[in-house]
Structure formats: C-alpha cells, structure tokens
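Okay, so here's the structure we're looking at.
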Amino acid sequence: MKIVSEKIPAALYRKIYKTLPIFCVDVVAVNWKREFLLVRRKLPPLRGSWWFPGGRVLKNETVAQTAVRKLREETNLAGKFIEPLGFYEFISPRGYFRGTNTHTPIVTCLVEVKKESAVALDAQSSDFRWASKIEKNFLKYIQEALRAAGF
C-alpha cells in the first residue's frame, strides 16, 4: 500500500487541527551507549520543553514506519523500530495555531539508533541532549515513557 505523503495545504491543516485529534508517534531513541535522546521544542504547545522526536502519522503509514521516519526527519538519525511502549493522550488549551487547542493521541515507540552519527535537528527543535537517567524535572509523560523503555 502506498504511503500518501503530500503536504496538506496550511488552511486545510488548520481546519483539521481545529476539528480533529492529530494521531502521532513519539520516539524514545536509544543509542549503543544505552542513552536516550531528547529535543527542546521550538513550537507551541510546550515550547522550550524537553520532549521526544515525533509527529503525525501519514495516511497508510504504520506506527513503526512513522517512528523511523520522524526520527530521521527531525534528527538525521537512522533507527530500527523495536516496539510500542504505550499510549499517551496529550490535550492542551494551547495549540500550534493561534486560537486552537491541541488534542494528540500518541503511541510512544522504542527505536534503536542504528549507528553512531551526528544529530542534525530540523526547524522544530532548538537543541538536543543524550541522557542515561530520568531527571525529576522531566515532564511526567517523559518520565513514564522512559520507565516503559527500561530507564
């Protein structure tokens, strides 16, 4: 089955975003040193927060395919899908578009980074970090996903 990856026009995407949940994946990317990757968000909601790479599932794309694609698009890292870790539903009064809220059902996925390579962030993130321990200041969802991944 062909994956439809054409860009949705901004006006239509705003209408979709305003009226429907946006189904996404978040990627717990783990490297050969048993470290996980976090990126600092540039965009609302949660601008400035440490989060996982991830994003929207495309038409006819599996969760596993999305996890590997989003890791590559957002960080330039190649990865191998290992397993889904759980489900999280993010609802925020603040949305990506002004005057909208966010409703995002998320499947959190474990992805093993295939080889050592340099992280190159896309425009959605301002910084990244590799870590090996859960920190108390991480958002509750981040902590729960990392525990599910064995950290």
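Results, tabulated for the structure shown:
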{"quantity": "Pairs where the first residue, in segment 14-37, is within 15 Å of Ala148 (Cα to Cα) and surrounded by fewer than 18 Cβ atoms within 10 Å (Cβ to Cβ) and the second is of a type in the set (Lys, Arg) and modelled with pLDDT under 95, C-beta under 8 Å, 6+ apart", "calculated": "none"}
{"quantity": "Looking only at segment 122-144, and only at residues there that are aliphatic (A, V, I, L, M) and either touching an Asp or Glu at 6+ places or on another chain (Cβ under 7 Å) or more than 21 Å from Ala64 (Cα to Cα) (or both), the one that is surrounded by the most Cβ atoms within 10 Å (Cβ to Cβ)", "calculated": "Ile134"}
{"quantity": "Residue list for segment 18-38, restricted to those being more than 20 Å from Phe87 (Cα to Cα) and in contact with a Phe, Trp or Tyr (Cβ under 9 Å, 6 or more places away or on another chain)", "calculated": "Lys18, Asn31, Lys33, Arg34, Glu35"}
{"quantity": "Flag if Asp122 is assigned to a loop (DSSP other than H, G, I, E, B), among the acidic types (Asp, Glu) and either farther than 18 Å from Leu37 by Cβ or in contact (Cβ under 8 Å) with a residue 24 or more places away in the chain (or both)", "calculated": "yes"}
{"quantity": "Residue under evaluation Ile82, criteria (1) among the aliphatic types (A, V, I, L, M); (2) over 22 Å from Ala148 (Cα atoms); (3) in contact with a strand residue (DSSP E or B) (Cβ under 7 Å, 6 or more places away or on another chain), criterion not met", "calculated": "(2)"}
{"quantity": "Any pair with Cβ under 7 angstrom, 6 or more apart, that starts in segment 130-151 at a residue that is in contact (Cβ under 8 Å) with a residue 24 or more places away in the chain and ends at one that is surrounded by fewer than 17 Cβ atoms within 10 Å (Cβ to Cβ) and acidic (Asp, Glu)", "calculated": "Trp130/Glu35; Ala131/Glu35; Ser132/Glu35"}
{"quantity": "Residue satisfying all of: in segment 121-141; charged (D, E, K, R) and over 18 Å from the mean Cα position of the chain (by Cα); farthest from Arg72 (Cα to Cα) among these", "calculated": "Lys136"}
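Quick grid of which residues meet (1) in contact with an Asp or Glu (Cβ under 7 Å, 6 or more places away or on another chain); (2) without any contact (Cβ under 8 Å) to a residue 24 or more places away in the chain; (3) not acidic (Asp, Glu):
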| residue | (1), (2), (3) |
| --- | --- |
| Leu46 | no, no, yes |
| Phe52 | yes, no, yes |
| Lys59 | no, no, yes |
| Ala64 | no, no, yes |
| Glu73 | yes, no, no |
| Ala78 | no, no, yes |
| Gly95 | no, no, yes |
| Ile106 | yes, no, yes |
| Glu116 | no, no, no |
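The values are calculated or read from the model by the stated rules, or taken from the named source; none is laboratory data. This is a predicted model, so every value here is computed, not measured. Virtual Cβ from ideal backbone geometry, glycine too; neighbours counted across all protein chains shown.
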